[in-house]
Amino acid sequence: MSDRSSSSHAWWKALFRLQETGLFLGVAAVLGVIYLSSARDSFYSPYSLQDMLHQIALFGVLSLGAAIVIIAGGIDLSVGSVVALSSVVAARLMRDWLPALWLGAAPPQTALVGLTLVVTLSAGFLIGVFHAFLINQIRLPPFIATLATLAGLRSVARLISLSQPIGITSDLFIKLGNDTTFTVAIFSVLAIILSVVMGMTVLGRHLYALGGNEAAARLSGLRVPRLKLIAYGLSGLSAALGGILFAGSTGQGDGNLGIGYELWAITAAVVGGCSLSGGAGSIRGTVLGLVLVQIVIKGTGQFKWGVSSTEVEGLVLGTVVVLAVAFNQRNNKSS
Amino acid sequence: MISLVRRFPAATFAVCLGFAAMTGCGGGAGGSKPQASSKPRIIFVTNSNADWWTAVEKGMKDAAAELNVDAEMRRNEGSVQGQIRILKDVLSLPDVEGVAVSVIEAKAEGVASAMRELRKAGKIVIAIDSDGAADSREAYIGTDNRAAGRIAGKVAAALRPKGGPVVVFVGSKEAANAIDRRESFFAGAGDAFTELETFTDGGDKNRAAVNVRTAITKYPEMGVMLGIWSYNAPAIAQEINKFAELRAKVTVITFDLDERAVDQLANGWIDATVCQNPYDIGFKGVKLLKAKIQKDQKTINEMLPGGATTIETGVRVILPKADSRVKVDNVMTIEEMKKWLTSKGLKSS
């Protein structure tokens, strides 16, 4: 009996040591506060929850890629610019470039969208490969390499779009980013795949090892340049996917889309337990961090503050981020 | 440092030369003086990257071709800092003789100061679309946003005589056109209309859509949705159309005519839009700048009679179909507006 009691006690202790437990409690606490407030009915309405899920999926795609790079000991500041670039590339592919292949005939919708997705995602992956090249071969620090492309790719996006929003007319493409079911399904599949890769494969363990101690990883025989290429490639790929979804959601490719979105992606990863020094965090935690951030944003919007809720949002979100990260750090130290 | 200069004199010279070129060395504190030419170069600086600017650009290009001017549009991404940076860039271009600025925030001293610097450097500066401080520009071309707001208010009162609570959507509350349109909307609509909240999106179109969704759940009692900036219109129409019951009791009033809003208005998802004439703003902007650069007093007097500093380009009220309740000047149906757009080669206005 005492054995059973002590094992049960150990189980509870282990549960509370889990990094995600703090996030679960944070999410539950925020949901509880909203439930007890005057914002309950509007926040918990199906439409509101659906909108929140949609935003979680849209920003989640970006956060997953950002999390992998952070776990691998890097940083990707170019996410927002890749979102803009991929949105205008996709829009121009569908409006101008791909229809030319059909020599004036109307291209089939599915083939047009399919080709657009393949080309845009490949472009995103290649941007990640370019980041890895700058970091591995030119020896630029990741912060500088991706800071340069943050500015450069935004400029390329504006050049391609001629600084004008490009309307998207394909219903199928719009559905990907505008229909919550599609967007959430895409995000969920990506989250599950990346969670399995990071938690259950050799590649995942190598990425953690790289982020934990690059020198040790190199001395252990890990192929560090290749691992960085994979991490940045995945981040570029997920940012391009985000660009496709945001373009579908807004119905436009826009060189000014996604300004500051890299900060949202990094915030979700950090709140979710990813350490900016690398080697720590998880896809699970990132998703939970993202959920917490989006609940706070949505919840803040539903309260009647007497001033514009968008003016209060940053203050509330900043406070929650500080509390969440402080709790994570304290929890990690004690465990 | 000295030893470096001694070891690499050529590189040091090249770096100094590059730095001098970047900072406009020799031009004094006020930047480079413009160089007069037979084909003057002018730059339009936008406040955001909304679709609306495409129509301004078309007017600008048509005027540039007709009047033999080299005109270029530089689009700001929606931030004060971004606009200041563009204005500073223009300051370092010696061949630019005229600048038209849509001032992003009326009270942003950085923008006003950058415009004053441009004037000090000898460039002609005018404000278009959204006005700035009086001493920062020589003239303003655009809609009298106060008048436009009042007209929007009157249209709302005509379509909704009993009034109601209003939710407002805008990119930035501080923009002069936003302040003018919002304040005068309520003045024109009357006391029966009260403001519930103004949602801002900072120029982020995804956020604009999120704000509409938030308002729908937060304020089920709202009676009017007012979209102040052009892209707010499609964001409102897209969402409100999903709720037949709510749509039936909410009046949607917007400004300008975004490309996506054309069909939405035709479908009746928007009740009325108060539309500026961006094409005219672009055309007249080039014409006035050229006249001022070349000191063509006759054209200046024609455009700004009696020493005026404002050119009013007027507004049109666009409705899904003719409605006898709306008794204001310049009312058009969306079908009439579509014909006008086609005649100018435009998709939005």
(message) Could you check the range B:206-237 and list, in sequence order, the residues that are buried (at least 24 other Cβ atoms within 10 Å of the Cβ) and either within 20 Å of B:Glu105 (Cα to Cα) or in contact (Cβ under 8 Å) with a residue 60 or more places away in the chain (or both)?
(response) B:Ala208, B:Val224, B:Leu226, B:Gly227, B:Ile228, B:Trp229, B:Ser230, B:Tyr231, B:Asn232, B:Ala235, B:Ile236
(request) Within the range B:71-100, track down each residue that is more than 12 Å from every other protein chain (Cβ to nearest Cβ), of a type outside the set (S, T, N, Q) and out of contact with any Leu (no Cβ under 7 Å at 6 or more places or on another chain). (result) B:Ala71, B:Val80, B:Ile84, B:Lys88, B:Asp89, B:Leu93, B:Pro94, B:Asp95, B:Val96, B:Glu97
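Listed here are the residues, each with its yes/no results for (1) under 27 Å from B:Glu195 (Cβ atoms); (2) facing chain B (nearest Cβ under 9 Å); (3) basic (Lys, Arg).
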| residue | (1), (2), (3) |
| --- | --- |
| A:Ile295 | no, no, no |
| A:Gly301 | yes, yes, no |
| A:Lys304 | yes, yes, yes |
| A:Ser308 | yes, yes, no |
| A:Leu317 | yes, no, no |
| A:Val320 | no, no, no |
| A:Asn331 | no, no, no |
(request) Report, by residue number, each residue of the range B:191-217 that is on the phi < 0 side of the Ramachandran plot and in contact with a Gly (Cβ under 7 Å, 6 or more places away or on another chain). (result) B:Ala192, B:Phe193, B:Thr200, B:Asp201, B:Thr214
(message) Please determine whether any residue of the range A:179-190 is away from chain B (no Cβ under 14 Å), buried (at least 21 other Cβ atoms within 10 Å of the Cβ) and free of Cβ contacts under 8 Å to residues at least 24 places away in the same chain.
(response) no
(request) Taking only the range B:243-260 into account, find how many residues are more than 8 Å from chain A (Cβ to nearest Cβ) and within 26 Å of A:Ile244 (Cβ to Cβ). (result) 1
(message) If I ask for residues that are farther than 13 Å from A:Gly299 by Cα and among the hydroxyl-bearing types (Ser, Thr, Tyr), which ones from the range A:35-58 would you list?
(response) A:Tyr47
(message) Out of the residues in the range B:46-70 meeting the condition of being in contact with a Lys or Arg (Cβ under 7 Å, 6 or more places away or on another chain) and more than 14 Å from chain A (Cβ to nearest Cβ), tell me which one is nearest to B:Pro234 (Cα to Cα).
(response) B:Ala63
(request) Sort out which residues of the range A:165-174 are at the interface with chain B (Cβ under 9 Å from one of its Cβ atoms) and surrounded by fewer than 22 Cβ atoms within 10 Å (Cβ to Cβ), and write them in order of number. (result) A:Gly167
(request) Just give me the residues in the range B:54-89 being over 19 Å from the mean Cα position of the chain (by Cα) and touching a residue at least 40 places away in the same chain (Cβ under 8 Å), in sequence order. (result) B:Ala64, B:Leu67, B:Val69
(request) Could you tell me whether any residue of the range B:240-255 is aromatic (Phe, Trp, Tyr) and within 14 Å of B:Leu265 (Cβ to Cβ)? (result) yes
(message) Quick test of your reading of the structure: B:Thr273 fulfils all but one of (1) part of a helix (DSSP H, G or I); (2) closer than 30 Å to B:Ala322 by Cβ. Name the failing condition by number.
(response) (1)
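Within the range A:214-248, how many residues are within 14 Å of another protein chain (Cβ to nearest Cβ) and either surrounded by fewer than 24 Cβ atoms within 10 Å (Cβ to Cβ) or hydrophobic (A, V, I, L, M, F, W, C) (or both)?
Residues meeting the conditions: 4.
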(request) Considering every residue within the range A:277-285, establish whether at least one is assigned to a helix (DSSP H, G or I) and of a type in the set (Gly, Ala, Ser). (result) yes
(message) Can you pull out every residue in the range A:277-301 that is in contact with an Asp or Glu (Cβ under 9 Å, 6 or more places away or on another chain) and farther than 20 Å from A:Val69 by Cα?
(response) A:Val296, A:Ile297, A:Lys298, A:Thr300, A:Gly301
(request) Could you pull out the residue among A:Gly124, A:Gly128, A:Gly80, A:Gly74 that is closer than 26 Å to B:Arg213 by Cβ and surrounded by 19 or more Cβ atoms within 10 Å (Cβ to Cβ)? (result) A:Gly80
(request) Kindly establish whether B:Ile311 is over 19 Å from B:Lys154 (Cβ atoms), in contact with a helix residue (DSSP H, G or I) (Cβ under 8 Å, 6 or more places away or on another chain) and part of a strand (DSSP E or B). (result) yes
(request) May I ask you to list the residues in the range B:291-344 that are over 17 Å from B:Phe255 (Cα atoms) and among the aliphatic types (A, V, I, L, M)? (result) B:Ala291, B:Ile293, B:Ile300, B:Met303, B:Leu304, B:Ala308, B:Ile311, B:Ala322
(message) Looking at (1) buried (at least 17 other Cβ atoms within 10 Å of the Cβ); (2) more than 15 Å from the chain's Cα centre (by Cα), which one does A:Thr110 not meet, given that it meets all the others?
(response) (1)
(message) Looking for something outside any helix (DSSP H, G or I) and touching a helix residue (DSSP H, G or I) at 6+ places or on another chain (Cβ under 8 Å) - is there at least one such residue anywhere in the range B:279-290?
(response) no
(request) List every residue pair whose Cβ atoms lie under 8 Å apart, where the two residues are 6 or more positions apart in sequence or sit on different chains, the first residue falls within the range A:26-53 and is facing chain B (nearest Cβ under 9 Å) and within 25 Å of A:Phe187 (Cβ to Cβ), and the second residue, located anywhere, is outside any helix (DSSP H, G or I) and not polar (S, T, N, Q). (result) A:Ser42/B:Pro220
(message) Against the definition (farther than 26 Å from A:Gly177 by Cβ and among the basic types (Lys, Arg)), how does B:Lys249 come out, yes or no?
(response) yes
(message) It is to be established whether one or more residues within the range A:230-253 are of a type in the set (Val, Ile, Thr), more than 30 Å from B:Asn76 (Cβ to Cβ) and at pLDDT 95 or above.
(response) yes
(request) For A:Ile34, indicate whether it is out of contact with any His (no Cβ under 8 Å at 6 or more places or on another chain) and under 29 Å from A:Ser277 (Cα atoms). (result) no
(message) A:Leu290 - would you say it is under 21 Å from the mean Cα position of the chain (by Cα) and within 14 Å of chain B (Cβ to nearest Cβ)?
(response) no
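The values are calculated or read from the model by the stated rules, or taken from the named source; none is laboratory data. None of the values given here were measured: they were computed from a predicted structure. Here Cβ is always computed from backbone atoms with ideal geometry, including for glycine, and neighbour counts include all displayed protein chains.
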